[in-house]
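Input: a single structure, listed below in structure tokens.
The values are calculated or read from the model by the stated rules, or taken from the named source; none is laboratory data. Everything numeric here is computed off the predicted structure, so don't read it as measured data. Don't worry about glycine lacking a Cβ; one is built from the backbone with ideal geometry, like all the others, and counts go over all protein chains shown. Protein only, heavy atoms only, side chains kept; ligands, DNA and RNA dropped before computing areas. Shrake-Rupley method; radii C 1.70, N 1.55, O 1.52, S 1.80 Å.
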Amino acid sequence: MSTDENDTAEDSSASPRTRSVDVVVVGAGTSGCYAAATIANAGYDVTIVERKPEEEAGHIACGDALKGADAFPEAIPKSKIEPAFTNTEVDHGRFEIPQEDTVLDIPVPGELAVIDRWEYGRLIIEGAEEAGADLHYDTVVQDVKQDDDGTVTGIVAKHDGEVVEYDADIVIDGAGSLSLLQDKVDFSDATFDTNVSYQHFSSAYREVVEVPEPVEWSDALVFKPAEVAAGYVWYFPRTETEINAGLGFQMTEEPMKLVDDLKKDLRERPEFEGAEVIDKLGAALPTRRPYDSATAPGYMAVGDAAAHVNPTTGGGIAGAAYAGKYAGEQAAIALDAGDVSEELLWRYNQRVMDHFGGRYASLDVYNILSTAVDVDDLMGLIASIPGEKLAEALYSGTTSFGPVLLAQTAASSYGHWSQIYEFFKIKRLADELLAHYGRYPSRPSALEGWQVERDRIMDDIYELTGADPKY
Ligand SMILES: Cc1cc2nc3c(=O)[nH]c(=O)nc-3n(C[C@H](O)[C@H](O)[C@H](O)COP(=O)(O)OP(=O)(O)OC[C@H]3O[C@@H](n4cnc5c(N)ncnc54)[C@H](O)[C@@H]3O)c2cc1C
């Protein structure tokens, strides 16, 4: 049970108020809510601390496209979040390539919904509470507590100007991109991945816009390359008349003037004439491979805090939900065993890599490629590849070409043959990388050896693409 040692104390002079819980989860986003619901369902005492006030919680900068909703973890029942699915008719991506005067329709595999993101955010918080998690709003985490042996034992936060400490057997960091907790934990005795730089992130901004007339493409996610290679503009229809319009770029590129560039694009599209902006938000998101390890003794990072995002699409909701589930289940196992060491938490890393981490790491190869090529060349190449093959490449990280398709592609891609040849060599290395992630180690002590071989494959990728090393 949770305790609140100084809650009723008359003497507020010295020691801060201290609460004790089994698990404290930082952040009431997707990863935090799914982790907390999983832990509460297992019968443990869990508190989510969220820096935002209750009215603002769940309001997250997002493109609002939710992929794989049909197979979301059950810790929060699907029926709970379904009311936020405002458009379930989307079945393809519409790839606009002005440089080639081309529009490509690319099927989106699996179930996809465009959602009212804030409503979804509120519903998952409710779902976590219904599972038994406590929510503490207006609580900004500022530091972590750590034993001499490196085990994380809690957090220090500020609520209403007062310092509040939370002692916990396990801390789950769901604080999103550039999580402050990771600046505070001393990871020197852990495998936790600290090879992280701002260039691994994208800066993104979106507006929710109401248009006077229904758009023609309400069954499509519309993508358009930005003027920089590793950037794109998107239009995702929440309904026929409510559009999530946004754009983002990898921070290795010349910064885009996000607000102005979006305004310019909106002005150029007749369907946005007379449109009204009803919400705006911007944020950073990781567009890199997942952290090699997201564990330390007594500590696991989930979702954006561990780069669980598809680095080619920026889709991170599904990864966050699953990371939350896996971390929550591993937390319950560790609590049952009375052992929060990295050896015991390690299985969490394995499940992430096995489910989507390896795939996202191999997709990152195409992200690296995009920073090293001219945007017009890249668009010419994309325009020449059959749509269904692009879809496979975008979502599964690999694709195969039969002889007939190969011949068709060769015919339609005249002028891009040398790039296609380079692309195939890169694809082979991306496949090799994926296979290597399939051999992700089963214990922390084997991580270093595994990383040496992975880095060798990455060196070949940098050499072939001519890109600057990303890690
Ligand atoms: C512009 C944009 C568009 C995107 N579009 C899509 C899309 O269309 N589809 C998709 O699947 N993904 C999209 N993503 C990515 C997706 O939004 C994230 O991957 C996902 O929200 C990650 O969830 P999370 O729980 O890890 O982190 P978050 O949702 O960021 O939640 C983190 C929470 O932690 C809280 N917090 C942070 N620091 C502290 C602190 N110190 N103390 C207390 N609380 C703290 C925050 O207030 C927040 O509530 C987009 C991202 C951006 C920026």
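Quick notes on this structure:
- Extreme residue, modelled with the lowest pLDDT, among residues of the stretch 57-83 that are more than 13 Å from the ligand (Cβ to nearest atom) and small (Gly, Ala, Ser): ALA71
- All positions within the stretch 143-180 that are open to solvent by 50 Å² or more (accessible area, probe 1.4 Å), within 14 Å of VAL24 (Cα to Cα) and within 11 Å of the ligand (Cβ to nearest atom): ASP143
- Cβ-Cβ distances below 6 Å connect the following pairs, each with a first residue in the stretch 267-283 that is within 10 Å of VAL209 (Cα to Cα), a second residue that is open to solvent by less than 50 Å² (accessible area, probe 1.4 Å) and part of a strand (DSSP E or B), and a separation of six or more residues or different chains: ALA275/VAL209; VAL277/GLU207; VAL277/VAL209; ILE278/VAL208; ASP279/VAL208; LYS280/GLU207.
- Where strands (runs of 3 or more DSSP E) sit wholly within the stretch 130-239, those with at least 2 residues that are modelled with pLDDT under 95 and over 16 Å from TYR299 (Cβ atoms) occupy 201-210, 220-225, 231-237.
- Options ALA226, ALA220; residue that is open to solvent by less than 30 Å² (accessible area, probe 1.4 Å), of a type in the set (A, V, I, L, M) and within 15 Å of LEU66 (Cα to Cα): ALA220
- Qualifying residue in the stretch 261-273 (condition: assigned to a strand (DSSP E or B), surrounded by fewer than 24 Cβ atoms within 10 Å (Cβ to Cβ) and of a type outside the set (D, E, K, R)): no
- Matching residues in the stretch 110-156 - criterion: being small (Gly, Ala, Ser) and farther than 30 Å from VAL90 by Cβ: GLY132, ALA133, GLY150, GLY154
- Matching entry among LYS280, LYS264, LYS257 (being within 14 Å of the ligand (Cβ to nearest atom) and either at pLDDT 95 or above or out of contact with any His (no Cβ under 7 Å at 6 or more places or on another chain) (or both)): LYS280
- Qualifying positions in the stretch 27-56 - out of contact with any helix residue (DSSP H, G or I) (no Cβ under 6 Å at 6 or more places or on another chain) and within 7 Å of the ligand (Cβ to nearest atom): GLY27, GLY29, GLY32, VAL49, GLU50, ARG51, LYS52
- Taking first residues from the stretch 240-256 that are small (Gly, Ala, Ser) and partners that are in a loop (DSSP other than H, G, I, E, B), the Cβ contacts under 7 Å between residues at least 6 apart in sequence or on separate chains come to GLY246/GLY63; GLY248/GLY314.
- Within the stretch 96-118, the set of residues being part of a helix (DSSP H, G or I) and out of contact with any His (no Cβ under 6 Å at 6 or more places or on another chain) comprises PRO98, GLN99, GLU100, ARG117.
- Scanning the stretch 318-337 for any residue that is part of a loop (DSSP other than H, G, I, E, B) and either open to solvent by less than 40 Å² (accessible area, probe 1.4 Å) or out of contact with any helix residue (DSSP H, G or I) (no Cβ under 9 Å at 6 or more places or on another chain) (or both) turns up nothing.
- Selection count, the stretch 308-317, where residues are within 6 Å of the ligand (Cβ to nearest atom) and either modelled with pLDDT under 95 or open to solvent by 10 Å² or more (accessible area, probe 1.4 Å) (or both): 4
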